[in-house]
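As structure tokens, the structure follows; a few thoughts come after it.
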Amino acid sequence: MREVYIYNTLSRKKELFKPVTPSMVGLYVCGPTVYGDAHLGHARPAVTFDVLVRLFRHLGYKVRYVRNITDVGHLEHDSDSGEDKIAKKARIEQLEPMEIVQTYTIRFHDAMRRLNTCPPSIEPRASGHIIEQIALVQKILDAGFAYISNGSVYFDVETYNRKHHYGALSGRNLDDTLSNTRSLDGQEDKHSPFDFALWKKASKEHIMRWPSPWSDGFPGWHLECSAMSEKYLGEEFDIHGGGMDLMFPHHECELAQNTASRGKGGVRYWMHNNMITINGQKMGKSLGNFITLDELFNGTNKLLEQAYSPMTIRFFILQAHYRSTLDFSNEALQAAEKGMKRMLQAAADLKNLKAANKPEEASEEIKAMEENVYAALCDDLNTPVALSHLFDAVKIINNAKEGKRSISAKDKEILDSLFTTVLTDILGIMDENFSNSAGEKKVIEGLMDIVLQERAKAKAEKDWAKSDFIRDSLKELGIYVKDTKEGAEWSL
Ligand code: ZN
């Protein structure tokens, strides 16, 4: 199996990937809090970790991909004193919290499907794992790293930090930070401003609540990911992913909870994708530059000059390395759209190119190109380098098309597999003239081969009525057949 290198946020270096269980990858990615539409910020981790899953599967690994749905416990402010985001939306819109959850979960799934991301193997919800979370709180209490205060349970960060390093993941030092922290304003329940809620006692008006040994309440946001990753992936698993904005406090707290309850961090590789900026600015509702995925797909946002297809968004994301920031602008998206179309056109043209009568051996240039594409993907998911090699392939195809060079049958085979396997299967870029499913695309191409062979046979037999009938019937379906010297070509 080809070696894969991953940048580990915890060790701050690229490491050779060694799974806990041979040829099996356990991956946990923090999913959305479902109280609003999926936006540009959701697209990047979704596409990044989708490509990681596809790459591992291509390399022969079995992947258990767990992505949670946060449907309780994500509070409005970091301070843990705020209101649950879903409960707040439910109160304002006078809906059951689970109506909010259902509405936005469906919309999230729809956006993810349009981006051609594989669904996770397991998609656990926080509200469906209250028992596991209560058990985890008890374990942390028993280990002496939490305390009960007025019906709520808090993680005792200072006690934990005496034995372990709170801040190991995000590179913080608690002692440095403690000295310049504001005092506890109105949060008397906590011993220290760093302590975070494992369990919150629900106020009278709080709708989402469950009984626990400490109070009727609800779990803290960080808790669900520790509980559900352990439940589905075990005490130690391979990769924990998410956006860089989750590194602190969310993942830092998860790491502390894992260590406090199991005596070890439980995650071999922490992977974080960098953020998307908009015209150089951080995206935020308060900044007025917030763009949902639906708005992007439909072009309905004042910042957009046009609609951008899901595949354009996907291609745009893959043109940057996941650890670099990615700046969104109309110009950048239009360039991505143009580049992607050029690549898909070349992939289609390749099928109609006639291979030269040269030795069957593949050329060194094409063999090196194939090797470089896979090496880039296995080098910490370097998709921009992989795409740049595919653009070199586009140049070769275009030169061959213009008669400036020839390619052997073996070269053609390798190039074709690069587009089919790498562009379509691993990078997940589909020709949008087709449906979004790779399987359907293969079926359509296969059927068209059969139909055009039948038409060629009819022409050879001078059965003009039949060949015209096939051509005209296809035209009615929006499929155009063009006769060339090499045979018939078709397009939508
Ligand atoms: Zn999480």
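Points worth noting:
- Where a label projected 7 Å from the Cα of LYS14 along Cα→Cβ would reach, residues of segment 290-333 with amide N under 17 Å: 320-325
- Histogram of C-alpha separations across segment 191-257, 5 Å bin width, %: 3, 14, 22, 20, 19, 13, 7, 1, 0
- Antiparallel bridge percentage (DSSP; both residues within the chain; nearest 5): 50
- Under the span-like rule (Cα at least 24 Å along the axis, Kyte-Doolittle mean at least 0.0), DSSP H helices of the chain: 40-58, 383-401
- Spread of Cα-to-Cα distances over 5 Å intervals beginning at zero, given as percent, for segment 78-146: 3, 12, 13, 16, 20, 15, 11, 6, 2, 0
- Restricting the calculation to alpha carbons of the chain gives Rg and Dmax of 26.6, 91 angstrom.
- Here the gap between ASN279 and PHE248, fully extended at 0.36 nm per residue and compared with their Cα-Cα distance, gives a gain of 8.7 nm.
- Distance between the modelled labels on ILE450 and SER23, one decimal in nanometres: 3.4 nm (7 Å Cα→Cβ projection).
- Proximal aspartates and glutamates to LYS88, defined as alpha-carbon separation beneath 14 angstrom and excluding residues fewer than eight positions away on the same chain: ASP71, GLU76, GLU96, GLU99, GLU205
- Here the simple spin-label model places points 7 Å from the Cα toward Cβ, and for THR484 and SER406 these points are separated by 1.7 nm.
- Per-peptide packing, taken as the mean over residues of other Cβ atoms within 10 Å, places 3-13, 255-265 in the sequence 255-265, 3-13 from highest down.
- Förster radius 30 Å - calculated FRET efficiency between VAL443 and LYS367 (Cβ-Cβ, nearest 0.05): 0.45
- Estimated at 0.36 nm per residue, the fully extended path between ARG113 and LYS88 surpasses their Cα-Cα distance by 6.2 nm.
- Pairwise FRET efficiency - ALA460 versus LYS354, Cβ, R0 = 25 Å, nearest 0.05: 0.85
- Cross-linked pairs LYS338/LYS404; LYS367/LYS410; LYS139/LYS163; LYS401/LYS442; LYS367/LYS412: Cα-Cα separations exceed 20 Å for LYS338/LYS404; LYS401/LYS442.
- Segment 1-114: proportion of alpha-carbon pairs further apart than 21 angstrom, %: 51
- When the Cα atoms of segment 155-289 are aligned to their principal axes, the ranges along those axes come out at 48, 38, 34 Å in descending order.
Taken together, the values in this text are just the output of simple stated rules run on the coordinates, not laboratory data. A quick note: this is a predicted structure, and the numbers were derived from the prediction, not measured. Cβ sites come from the backbone with ideal geometry, for glycine too, and all protein chains shown count toward neighbours.
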